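Here the structure is laid out as structure tokens; the discussion comes afterwards.
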Amino acid sequence: MHFSSHLAVLAALASSVFAAALPTELSPRSNTNTEDVIDDADPRLIYTGDWTHLKNQGNSVANAGTLSFSKTSQASVSIPYGTNHTGFYMFMGTKADRGQFSIFLDDLWYSASAEGSCTSNCDAAGNGMMINFPRLLAKSDQSRLIIQNDSPGYLAFDSISLHKKL
């Protein structure tokens, strides 16, 4: 047996022993376990201001067929977030030019825009306008993510996919 063959066998044995010894929380996960998807009709959400809730309109990853939108400046939706999430994708429906909005978490504030054509800002699955915020950490298990309409345009909310901490 060649020296390189011995190394390959040793590497295979070491990786199988190492993988078996890993605690569950450190083991590799499948993609289905890395996201918490919350639809706009989820009862855990708290809406403030004037919102319209439509059925048979949304095309989100949650596939609930609902869509919520507000044309009122300062209208917001509060989403349970906590320390077990690290970022998110927000799906905003299929029409473009939503306008400006803010993202709040604990003492953090970010200004964002959902302006532009759906041909350049939509996800590949056709779920509509998608905003990606890959890194956002909360201070408390009770922290809530708040999305607020900042413009006279409108803010549409179809669903949000929260990235779980691995």
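The values are calculated or read from the model by the stated rules, or taken from the named source; none is laboratory data. Treat the numbers as computed from the prediction; the structure is a model and nothing was measured. Note that we place each Cβ from the backbone using ideal geometry, even for glycine, and neighbour counts take in every protein chain shown.
Here Ala96 meets each of (1) touching a Lys or Arg at 6+ places or on another chain (Cβ under 7 Å); (2) at pLDDT below 90 with one exception, condition (1).
Among residues of region 76-89 that are within 14 Å of Ile146 (Cβ to Cβ), those with a beta-carbon under 6 Å from a residue that is part of a strand (DSSP E or B) and aromatic (Phe, Trp, Tyr) at least six positions away or on a different chain give the pairs Val77/Tyr47; Val77/Phe157; Phe88/Phe133.
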